[in-house]
Structure formats: C-alpha cells, structure tokens
1. If I go through region 1-23 residue by residue, how many of them are of a type in the set (A, V, I, L, M, F, W, C) and more than 14 Å from residue 37 (Cβ to Cβ)?
2. If you take the residues in region 7-53 that are of a type in the set (Asp, Glu) and farther than 16 Å from residue 134 by Cα, which one is surrounded by the most Cβ atoms within 10 Å (Cβ to Cβ)?
3. Test residue 220 against the criterion of being at pLDDT 90 or above, crowded, with 21+ Cβ neighbours inside 10 Å and under 30 Å from residue 129 (Cα atoms), and give yes or no.
4. Report yes if residue 50 is touching a Pro at 6+ places or on another chain (Cβ under 9 Å), at pLDDT below 80 and among the aromatic types (Phe, Trp, Tyr), otherwise no.
5. Where residues in region 84-110 are in a loop (DSSP other than H, G, I, E, B) and of a type in the set (S, T, N, Q), which of them is modelled with the highest pLDDT?
6. Quick test for you: out of 284, 268, pick the one residue that is surrounded by 10 or more Cβ atoms within 10 Å (Cβ to Cβ) and over 23 Å from residue 210 (Cβ atoms).
7. Restricting to region 190-207, name every residue that is under 24 Å from residue 120 (Cα atoms) and either touching a helix residue (DSSP H, G or I) at 6+ places or on another chain (Cβ under 6 Å) or surrounded by 18 or more Cβ atoms within 10 Å (Cβ to Cβ) (or both).
8. Please specify each residue of region 2-31 satisfying the condition of being touching a helix residue (DSSP H, G or I) at 6+ places or on another chain (Cβ under 7 Å) and farther than 21 Å from residue 138 by Cβ.
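The values are calculated or read from the model by the stated rules, or taken from the named source; none is laboratory data. Keep in mind that what you see is a predicted model, and the values were worked out from it rather than measured. Backbone-built Cβ (ideal geometry, glycine too); neighbour counts: all protein chains shown.
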Amino acid sequence: MNNEQIMTQIASGITGNYAQDARHLMAQYKVYENHEDSRKISNTIRVLMYNLIPNDDAFALKKSINEKNDIKNILLKIEPLLKANKFAETSQMMTLFINELENISKWFTDDDINEFHNFDALFEEQIYIEIFKPIKKVRQMPWHFAIAYQKYAAILFELKQYDKAKLFFEKANKINPTNTSIMFDIGEIHKINKNWDEYLKITAKCLQYAYSTKEIARCYRNYGYYFIEQQDYDAAIALYHFSLLFDLDKEANIAFSELQHIAQATGKNLENITKADSIDEKAKQFQKHNIQLGANKAILILAFTLMIKSVAGAKEILYDIGPRYKKLYDFSGDKEINFMLSSISGT
C-alpha cells in the first residue's frame, strides 16, 4: 500500500468508541513504526489521537480537580519558612501536603491515549512536543504540581535526606520532563555522590532543553565544575568563559571565582584566560568534548516559529538569546540560524 492507502486504512478503523479507538491507533503505530515513511504515518496517527475526545465522569473529575487546584497558595505559605531556613518545620507541613498530592496523582495516570504532565510554562510544553514527539495526547495535571514535588525534594535535600530527595526530584521530572530547574537539582544529587556519568547526562539534557541565557550559563558552569574535578583546566576555562557570554548578573561571580581558582592552580594569567579574542580557540574544547555550542538549534527554530505565530512569550525568549547567540553562530557558520537571529536583532 502507498502512504495515502495506509492512512485511509488507519482512519477507517476509527469507530467513535474512545477506548477501542485508542487501542486501534496505538496498535497501528506499532505496526508502522519501522516503515520507511514512519514519520508521516506517525504524524497522521498523532492527529487522530488528538481528535479523540473522551466523554466520561473520570475526565470531568480530573478537570474539576485541576480547576480547584490550590497548590500555588500553599507553596506561597511555606516560602517564608524556607527563607528562614526552617526546613524541619516546613518538612512536616509539606509531608502532609505531598501525601494529598500523591492521592490526587492517581487520577492522572497515563492510559492508552493520554499522558499527563504539568507544564506551567507554555514553552516547556512546546519543547516537550518538539523533542519527545509524543504519540499520546498530552494532558495537563494540576498547575504547579511538579514544582510542589520539587520544593518538597529541595527541603529533603537541605535535611541531607538525599535518597528520598532524589526520589521526589525524579517524580517532579517525570511530571515535567523539560523543566531545567528540576533537572539541575537532580544534578546536584549526582554531584554530591560524585556520580559523574549521570551528572554529565543530566547536564547535557539541561543544555538540550534550555531556552534562556541564565539556563545556558548554568549548564556551562556545571560542565566547568566537572572538568575542574577532572583537572582538565583548559576545558573548564572554556566553559566558564562561555558562561559569561550568557550571564553577567550575580551568577557571573561564580564563574569569575572559579576562573580565578584555575588561574591560581595553573599559574595562568586571569586576564589572558578571559580575553574575548580567544573565543574561537576555546570553542574547540566544545568539539573535543562533544558539548553543545549555544542553544539547541531546534529550540531556537521553535521559538522563532512561535514568535511568527504570535504565541505569548516566544518573542521575549528570542530577544533574550538573540544578541548573545549571534556571536556563537557567526563562529559555527550555521546560515539558517544566522539569518533567523539577524532578522530578530536587526543586524
């Protein structure tokens, strides 16, 4: 059969019965996942999936739970305690609250056609769809659900309950797989345990999903920390130097402090290792260690596409990253990115 016949055959199996249609479409996806035109076929299946609308009491209840969600207010109440470092007291309050959320989460269990996530930021959901390309329909859990788990895990981390903290960070990550703040926290657990393979994996993921200059800068600082631990100072210098291209706010002091430490350890001149004209030479360290230079191209194109469609927030993302990325893509020679960034920066 040609593509048109395959797609017609798949669509002809839709009956109007939600559960039956879900099973049919998932089975068809499996049949054609290795087909030479699997991408086109899977896109068709994805559209058909998204058009299935369940009409039952369970989904009505899930909607009601979401609309009556009060997680944000509860998190605001505990914020003063966290700022006062009252972690033991906050832990008692949050444990009771998390137990409630654990019960609520049972209503948001993935099924044949739906997968449940909590993306408080629209762009994070768009990143998930762009990179993960889910076949199932992405449905929203109660807002701030992932952040509640993250906050609880952070409290456990401060109480040095690292194993339990890791468990709840990972639950938060499953709920929102593209939130770099959650992934950075998971990275801190691996850093403490000196589990460097996992630390590098999570840092690479953060860099893949990052869509702000601050996130990019932190990724490079995290890489820099790893290379200092390995005493690979040339790589560490390059990474901390590049972090400064993306973030010159208070976090930049961390990079300057580490560069000063390297200068003292190696006898190199601090002024020389932060020279702007050495950027091309330092970029070679990225190629050597297979580290992403700048943003994920797919993220930039996604933001540009959403900006053209006037999706809220996309323009701000590009105006944040555009001027800094222009330097890097001048170096990389990527004509598509250069054109895109020139068109939004007016250069």
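1. So the first thing to find is which residues in region 1-23 are of a type in the set (A, V, I, L, M, F, W, C), and the list is 1, 6-7, 10-11, 14, 19, 22.
Filter once more, keeping what is more than 14 Å from residue 37 (Cβ to Cβ): 11, 14, 19, 22.
The total comes to 4.
2. 21
3. For residue 220, the condition - at pLDDT 90 or above, crowded, with 21+ Cβ neighbours inside 10 Å and under 30 Å from residue 129 (Cα atoms) - is met.
4. no
5. Checking each candidate, the answer is 85.
6. On the way: 284 fails: over 23 Å from residue 210 (Cβ atoms).
Sole residue among the options that is surrounded by 10 or more Cβ atoms within 10 Å (Cβ to Cβ) and over 23 Å from residue 210 (Cβ atoms): 268.
7. To start, the set of residues in region 190-207 that are under 24 Å from residue 120 (Cα atoms) comprises 202-207.
The answer is 202, 203, 205, 206, 207.
8. Within region 2-31, 3, 6, 7, 11, 13, 15 qualify.
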